[in-house]
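> Structure below; questions to follow.
Derivation of every value follows stated rules applied to the coordinates shown; laboratory data play no part. Just so it is clear, the model here is predicted, and its values are computed rather than measured. No Cβ is skipped: glycine too gets one built from the backbone with ideal geometry, and neighbour counts run over all protein chains shown.
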Amino acid sequence: MALLSIQDLHVYLGESHVLQGISFDVAEGGVTALLGRNGVGKTTTLRALMGLVDRRGTIRLAGDAIEHVPTHKIVRRGVGYVPEDRDVFSTLTVEENLRLAERDTEPRYDLVHELFPELRERGKQPAGTLSGGQQQMLAIGRALLNDNRVLLVDEPTKGLSPLLVTEVARVLQRVSELTTVLLVEQNLGVVNRVARDAVVLDTGRVVHIGPAKELLADKPMIHRMLGVG
Amino acid sequence: MSTFLLLTITGLGLGAMYFLIASGLSLIYGLMGVLNFAHGIFITVAGYTLWFVESKLGDVPVLPRFLIAALAGLVVGTVFAALTELVLIRPLYGRHIEQVLVTVGLALAVTALVTAIWGSDARVVAAPGWTGQTTTIFGAHIPNDRWIEIATAVIVLFALEAFLRRTRYGLIVRAGVENRAMVTALGIDVRKSFTLVFAIGGLAAGIAGVLYTLYSTTVDPQQGTSLVIFAFIVVVIGGLGSIRGTAWAAIIVGLVQQYANYYASSGLGDLSVVLLLGIVLIARPRGLSGSFA
């Protein structure tokens, strides 16, 4: 059984019909990449799964319907979220950002500090003064603090230097050993390195589902669906 | 020198009053995006409760009578604020026009209700004798109630800072002021904080209501709404959602109002505050603390 199952999901943003009945499953374990050109609805899909936008359709987490569950309760059922723009709380310190995210009785600070030693060193620093890469570490660290069943990660390498992209890919690989990840990512090198499955969206519809490696090996298909290669 | 000192202390007293009202307004807007035009009635409700309870305790000596009545005023003001959020504001989150209409409507309705029950004339409250006297410092005769106003505002400022910096709810409020949706996306039911912030705002406004009663020794149906106008100005000057910015803005507004009334012309104090607001909005649109006004 799929850990996360999305059936006929629709989202309207104003007059725009952004998601037009998308359906796909996310299998337990590993990374499922959600791909597509800019503006096809990838970020909206994650926001809809989190309940951050009004949506219609069926969303099941381990068999339980969550489409009518409010955001904070979806999170408490084990869904972690790393948003596209990191959304760290800039006036709060690194420590306070992490403390705010604590849900479990024993938050996994050891894991977070092992993956991102800088977060320990910069604990007293306001998050708004961190570099983009450090803010991304904090956003991912915040989601890893609790034992989530699935992580929704939105473009974690966006705007990062090549060195940091490699670092984030390494972290994602490690994270995928611990939990299931639904990853929105434009960098196909990262997708190739970490993803097992791929779902491709185009103008609010699912146009391809299959193994990520097969998709990435098919250059004409990549060019047609994603406009690259 | 003595006149300047008198104006400074009374200006700080006025600023203290503004801070007590504006701190709640600022937190409510900063966290919830609610422009609470009903905030003034928390002052009115606390003031009238104080007067009502005090009038029923005729045999009790003045000081304990006033303290008991003040406590009752604070409790009722706080509960009234929490109920306002739960009953009227909560069903309207995200609907800003409706929120404004309902808070304006509540302010008008409560003022009309108080007027209908107890009339439009001011009701006299017996304040403890010492508060009506003065203390002479460097030749300036400072009304004693101003010391109480200033001391209370400082205590409330430190209490709010401690709440915001040292408690989990304070952490949630500070984060929520910045990005409410992301707080929810961390698994936190931010609505609980909304009620708490409304209750804190109601308590602070209630304290202002009690202190204003101490200062004027009367309560009247309009006192809350007249004070809240300047509190809104303080909030915008200080920066929405910032307690420290609100404190600085309250001090500046209180002092400017007092100095202008004395050194320029009586009545120019209000105008000078509006001018100050205009200057701040042009030079620093995000207010003193930098939050976007």
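> For chain A, build the charge dipole from Cβ charges (+1 Lys, Arg; -1 Asp, Glu) around the Cα centre, then report which of A:27, A:178, A:45 sits farthest towards its positive end.
A:45
> Okay, next question. Quick check: the distance between the Cα centres of the stretch A:124-150 and the stretch A:75-111, to the nearest angstrom?
If we compute the Cα centre of each part, the gap is 7 Å.
> Please compute the volume of the convex hull spanned by the alpha-carbon atoms of the protein assembly as shown and report it per residue in Å³. Don't jump to the answer; show the numbers that get you there.
Working: hull volume 92.2 nm³, N = 522.
Each residue corresponds to 177 Å³ of Cα convex hull volume.
> Which whole number gives the average, over all residues in A:61-73, of C-beta atoms from other chains lying within 10 Å of the residue C-beta?
Numbers: counts 0, 0, 0, 0, 0, 0, 0, 0, 0, 3, 9, 10, 3.
If you average over the peptide's residues, the count of other-chain Cβ atoms is 2.
> Calculate the all-directions average of the projected area of the stretch B:2-226's alpha-carbon convex hull, and give it in nm². Show your work: numbers first, answer last.
Numbers: hull surface 53.7 nm².
Hull-based average projected area comes out at 13.4 nm².
> Using a simple charge model, +1 on the beta-carbon of Lys and Arg, -1 on the beta-carbon of Asp and Glu, nothing else, what dipole does chain A show about its Cα centre, in debye to the nearest 20?
Details: 27 positive and 29 negative charges, 44 e Å.
For this selection, approximately 220 debye.
> Now for a different question. Using the Cα centre of chain B as origin and beta-carbon charges of +1 (Lys, Arg) and -1 (Asp, Glu), tell me which of B:203, B:15, B:4 is placed farthest towards the positive end of the dipole.
B:203
> Over chain B, what relative contact order in percent results from Cα pairs under 8 Å that are six or more residues apart?
On the way: 482 pairs, mean separation 105.4, N = 293.
The normalised contact order for chain B reaches 36 percent.
> Let me ask something else about it. Which entries in the list A:73/A:213; A:158/A:219; A:42/A:73 go over 27 Å, if you measure between the two C-alpha atoms of each? Walk me through the intermediate numbers first.
On the way: A:73/A:213 35 Å; A:158/A:219 23 Å; A:42/A:73 22 Å.
Pairs exceeding 27 Å: A:73/A:213.
> What are the ³J(HN,Hα) couplings of the stretch A:17-32, residue after residue, when phi is run through the Karplus curve with 6.51, -1.76, 1.60 and θ = phi - 60°? Round to Hz, x for glycine and proline.
With the stated coefficients, the stretch A:17-32 comes to 8, 6, 10, 10, x, 7, 9, 6, 10, 10, 6, 5, x, x, 10, 9 Hz.
> I would also like to ask the following. State to the nearest 20 debye the size of the charge dipole of the protein assembly as shown about its Cα centre, where the only charges are +1 on K and R beta carbons and -1 on D and E beta carbons.
Values: 43 positive and 41 negative charges, 63 e Å.
Charge dipole, the protein assembly as shown, about its Cα centre: 300 debye, nearest 20.
> Shifting gears a bit: In peptide B:172-185, what is the residue-averaged number of other protein chain Cβ atoms found within 10 Å of each Cβ? Kindly include the intermediate steps, with their values, before the conclusion.
Details: counts 1, 0, 5, 8, 2, 2, 8, 6, 0, 7, 12, 6, 10, 18.
For peptide B:172-185, the averaged partner shielding equals 6.
> Name the most mobile residue of B:252, B:282, B:243, meaning the one with the largest mean-square fluctuation, in a Gaussian network model of chain B with Cα contacts below 10 Å.
In this elastic network of chain B, the residue with the biggest mean-square fluctuation among B:252, B:282, B:243 is B:282.
> How many angstrom lie between the Cα centre of the stretch A:1-37 and the Cα centre of the stretch B:164-183?
31 Å
> Under a point-charge model restricted to the Cβ atoms of Lys and Arg (+1) and Asp and Glu (-1), what is the dipole moment magnitude of chain B relative to its Cα centre, in debye to the nearest 20? Please report the intermediate quantities before stating the final value.
Details: 16 positive and 12 negative charges, 168 e Å.
Its charge dipole is roughly 800 debye.
> Which of A:136, A:93, A:115 sits closest to the plus end of the dipole of the stretch A:83-147, meaning its Cα is farthest towards the positive end, when Lys and Arg get +1 and Asp and Glu get -1 on the C-beta?
Of the listed residues, the answer is A:93.
> Which one, B:206, B:77, B:94, has the greatest fluctuation when you compute a Gaussian network model over chain B with C-alpha springs under 10 angstrom?
B:94
> Moving on to the next point. Loop only per DSSP, at most 16 neighbouring Cβ atoms within 10 Å: give me the trypsin sites (Lys or Arg not before Pro) in the stretch A:1-96, ordered by residue number.
Values: sites: A:37, A:42, A:47, A:55, A:56, A:60, A:73, A:76, A:77, A:86; in loops: A:37, A:55, A:77, A:86.
The qualifying sites are A:37, A:77.
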